Amino acid sequence: MSTTNEGESNPSHNELEQEGSSRGLLPSPTTQSCEESGFGKKRGEYKKRSKAWDHFHVKHVNGVRHAICKYCEKDIAADPKSHGTTPLNTHVAKCPLNPKNKHTGQATLCLGETETLEGEVKGALISWKFDAEAIRKSIAYMVIVDELPFKHVEGRGFQYMMRTACPSFRIPSRWTISRDCYQLYLDEKIKLKHLLKNNSGKICLTTDSWTSIQRINYMCLTAHFIDNDWKLNKKILNFCPITSHKGTEVGKAIEKCLLEWGVDDILTVTVDNASSNDVAVSYLRGKLQNWGKAVLGGKWTHVRCVAHIVNLIVNDGIKKLGESVDCIRAAVRYVRQSPSRLKKFKECVEIEKIECKRLLCLDVSTRWNSTYLMLDTAQRFERAFERFEEQDPYMLQELENLPTKSDWTKARFLVIFLENFYQLTVKVSGSKYVTSNNFFTDISHIHGILIEMAASDNEELSSMARSMKEKYDKYWGKIEKMNMLIFISSMLDPRTKLEYLEFVVCQMYGESDGTTIAGLAKDAMFELFNEYKMLNTPASNSVSHVSSLSSESQRSKTTFYGHGNASKTITDRYKLEFKKRKMELGDRDAKSELEKYLNEDCEENDERFDILLWWKANSLRFPILSKLARDVLAVPISTVASESAFSTGSRVLDTFRSSLTPRIVQSLICAQDWFRSSKTELNVEENLEELEAFESELLKTGTESTVIDL
């Protein structure tokens, strides 16, 4: 195993013992056989003085003592009158199943698949050689990625499998595996530090906080950046406890994490709309200014989470149709309350010939997206609910109001309306593809939907849309409240550029205000470009430095040479003026780089278009603008990447493993994120189809009894 990273140390025995009490790490007493321990020996049996006997069992055959190898069970004569322990020592050193023997022989060729820690699976002819350290490392990888308890390695099934697959491997204890997991985290942390250090682009952050079952406040800090190969990366840097949710404390915690990682080149910080986050970002902005890393003074550092704003907008609208939603929710809850009711409801679905494979689901009232999914599923079973009401006489007695035709009609309108917001939330929540270039397109889409629904003939839907539009205007109604990166990222999309932006803002805000907004967006684009031009060209102070040195040289030469060498000082002055002119011409060429990009025709709007691949291919044509695009396109527009870590945290810190220490929790969650970052996301719908097909095959073969009710 590699050495421990500086600043980190392996968890102490007490720390591991503390988290072991809940994760099954307390060692269980083991017993040794009488022959191994030396107790209960028969009278007259010879004392085992040699260490060779640690590897053998004693067996008496016809009064003659034999030694049986514990590993390969080879029988070796061991009568003390005619044999010594030399044959035993010789066999121990050569036994192929002895885990202490290093297999230095020729590797075995086999056809199979290999998988790297980054998740890449390769199938080829490979050479295999027993390596106990590699096996231990792979077990630690399995524990981290699959969220297994450390005591899994001491489970009967796992040990049986390992003895069958690799009998020569000595299975480590839960204590050893816990240390292996932590060491694996430290090894990967060193790699990630090296990646961040060699990355030439800026880093964008997302952060959020969460309270665990231990009543400990955790903060998740996630880094988003585009690497030197133009690949978008998302890495959880820290999952650490914080003392308070106050803005200043959160800001200090983020600062501490950045200093630990050696990261200071930050472009943006994406947070939700809590007031404490405004204070935290202001604190970080001040630190970035002190470090000399704040772009344009950090005025665009603060990015508000789009998904959180959409959540606030939609929740305001749903309240307008609360009665209809409550009636349908009560009906769904009633059907799901008992297996007999659910079985009767399925019979109603079959009678009504409703071909829908979805299952009724309840929502969480504070999460509108779950309400949308509940209504979307329930409205498909409207006829089944009506038949169920006729067959169940107790439903009317328990429920105050049953869903009416009007309620179902409103639900259908609401589902169609909310589908736009649901799809938008899913799209902006991605962390494996660029989202900032669609920021402006997404909010303009929301604006258009609200305007159309506000003009609807349905008074209730119109009222709901007007209420949502008021909330929309609070965050995106005026350009002064908006982060200008919204517009800059849209202009950096070769499919839209400035022309599309000008057209859409005029449609949204009118010709007069739209033209003004488009002009401000263009000015912001040039302002940011000039900042990058200054950062990526020879600094102006170097020119003044050369000028001051030249002036000092001229004065000293005039003093030393008098006027006899005046021509040489004039030559130096000409060279200096030529250098200044050359740099000025270079500035004009660099400035025309942005104008050249904006004046070129837009690319075709193809869904297969890869914006990062386009900028990578055109980085030589636009050397400065491509660096700007690389940083801006990495900006995440939602905090879902950090929030999703809390789902992992709630599984790692469940009621059975609530004593895990914060350092162990951070190592497990961060390492899992780093290992899974290259994996493809789980497609639940595809897996469900496969399971349904498998169930159909079982039914065809008459094995209905083995089918699990999904």
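The values are calculated or read from the model by the stated rules, or taken from the named source; none is laboratory data. As the structure is a computational prediction, the values presented were derived from the model and not from experiment. Cβ: placed from backbone, ideal geometry, glycine included. Neighbour counts: every protein chain shown. These area figures cover heavy atoms from the full protein model, side chains too; ligands, DNA and RNA do not enter into them. Shrake-Rupley method; radii C 1.70, N 1.55, O 1.52, S 1.80 Å.
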Residue under question is R383, and the condition is that it be open to solvent by 50 Å² or more (accessible area, probe 1.4 Å), within 44 Å of the chain's Cα centre (by Cα) and modelled with pLDDT of 90 or more; does it hold? yes
First in region 205-219 and under 17 Å from P636 (Cα atoms) and assigned to a strand (DSSP E or B), second anywhere and aromatic (F, W, Y) and modelled with pLDDT under 80, Cβ under 8 Å, 6 or more apart: D208/F646
Within region 348-370, restricting attention to residues that are among the acidic types (D, E) and surrounded by fewer than 14 Cβ atoms within 10 Å (Cβ to Cβ), which residue is nearest to the chain's Cα centre (by Cα)? E355
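Residues are listed down the side, and each one gets a yes or a no for (1) within 27 Å of the chain's Cα centre (by Cα); (2) of a type in the set (D, E); (3) within 21 Å of S638 (Cβ to Cβ):
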| position | (1), (2), (3) |
| --- | --- |
| T270 | yes, no, yes |
| N277 | yes, no, yes |
| L284 | yes, no, yes |
| K287 | yes, no, no |
| C305 | yes, no, yes |
| H308 | yes, no, yes |
| I313 | yes, no, yes |
| R329 | no, no, no |
Which residue, of D272, D264, is modelled with pLDDT of 85 or more and within 30 Å of L535 (Cα to Cα)? D264
Restricting attention to region 303-328, report how many residues are open to solvent by less than 40 Å² (accessible area, probe 1.4 Å) and more than 30 Å from I479 (Cα to Cα). 6
Considering only strands (runs of 3 or more DSSP E) wholly within region 25-141, the ones with at least 3 residues that are modelled with pLDDT of 70 or more and touching an Asp or Glu at 6+ places or on another chain (Cβ under 8 Å) are 56-61, 64-69
Note: among N228, N233, N277, just one is open to solvent by 10 Å² or more (accessible area, probe 1.4 Å), closer than 23 Å to Q289 by Cβ and among the polar types (S, T, N, Q), namely N277
Kindly evaluate S370 against the criterion of being more than 26 Å from G317 (Cβ to Cβ) and not acidic (D, E). no
C240 passes all but one of the listed conditions (1) out of contact with any His (no Cβ under 9 Å at 6 or more places or on another chain); (2) open to solvent by less than 30 Å² (accessible area, probe 1.4 Å); (3) part of a helix (DSSP H, G or I); (4) not acidic (D, E); the exception is number (3)
Single unsatisfied condition, T270 versus (1) free of Cβ contacts under 8 Å to residues at least 60 places away in the same chain; (2) among the hydroxyl-bearing types (S, T, Y); (3) buried (at least 20 other Cβ atoms within 10 Å of the Cβ): (1)
Quick one: is L373 open to solvent by 20 Å² or more (accessible area, probe 1.4 Å) and not in a loop (DSSP other than H, G, I, E, B)? yes
Just checking: which of the helices (runs of 4 or more DSSP H) contained wholly in region 394-504 hold 1 or more residues that are farther than 30 Å from L296 by Cβ? 394-398, 405-428, 439-454, 459-476
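Table: residues versus (1) modelled with pLDDT under 70; (2) assigned to a loop (DSSP other than H, G, I, E, B); (3) surrounded by 11 or more Cβ atoms within 10 Å (Cβ to Cβ); (4) in contact with a Cys (Cβ under 6 Å, 6 or more places away or on another chain).
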position	(1), (2), (3), (4)
R573	no, no, yes, no
F578	yes, no, no, no
A590	yes, no, yes, no
L594	no, no, yes, no
L625	no, no, yes, no
I'd like to check something: does region 178-200 contain any residue that is of a type in the set (D, E, K, R), outside any helix (DSSP H, G or I) and either in contact with a Lys or Arg (Cβ under 7 Å, 6 or more places away or on another chain) or within 27 Å of N483 (Cβ to Cβ) (or both)? no
Which residues, counting only those in region 339-369, are over 23 Å from K427 (Cα atoms) and among the basic types (K, R)? R341, K343, K344, K346, K353, K357
Selection from region 169-225 of residues that are touching a strand residue (DSSP E or B) at 6+ places or on another chain (Cβ under 9 Å) and acidic (D, E): D208
For region 459-481, which residues satisfy the criterion of being modelled with pLDDT of 85 or more, within 17 Å of V505 (Cα to Cα) and open to solvent by less than 30 Å² (accessible area, probe 1.4 Å)? Y472, W476
Meets criteria (modelled with pLDDT under 85, open to solvent by 70 Å² or more (accessible area, probe 1.4 Å) and either over 24 Å from R329 (Cβ atoms) or under 31 Å from the mean Cα position of the chain (by Cα) (or both)) for L396: no
The residue from S456, S490 that alone is open to solvent by less than 20 Å² (accessible area, probe 1.4 Å), in contact with a helix residue (DSSP H, G or I) (Cβ under 8 Å, 6 or more places away or on another chain) and within 30 Å of N315 (Cβ to Cβ) is S490
In the set V332, V303, which member is touching a residue at least 40 places away in the same chain (Cβ under 8 Å), β-branched (V, I, T) and assigned to a helix (DSSP H, G or I)? V332
Quick one: S370 ticks every box in (1) touching a helix residue (DSSP H, G or I) at 6+ places or on another chain (Cβ under 8 Å); (2) within 19 Å of I416 (Cβ to Cβ) bar one, so which box is it? (1)
Within region 416-437, restricting attention to residues that are farther than 20 Å from V632 by Cα and either in contact (Cβ under 8 Å) with a residue 12 or more places away in the chain or crowded, with 16+ Cβ neighbours inside 10 Å (or both), which residue is nearest to the chain's Cα centre (by Cα)? T425
If S200 meets every condition in (1) within 21 Å of the chain's Cα centre (by Cα); (2) at pLDDT below 90 apart from one, which number is that one? (1)
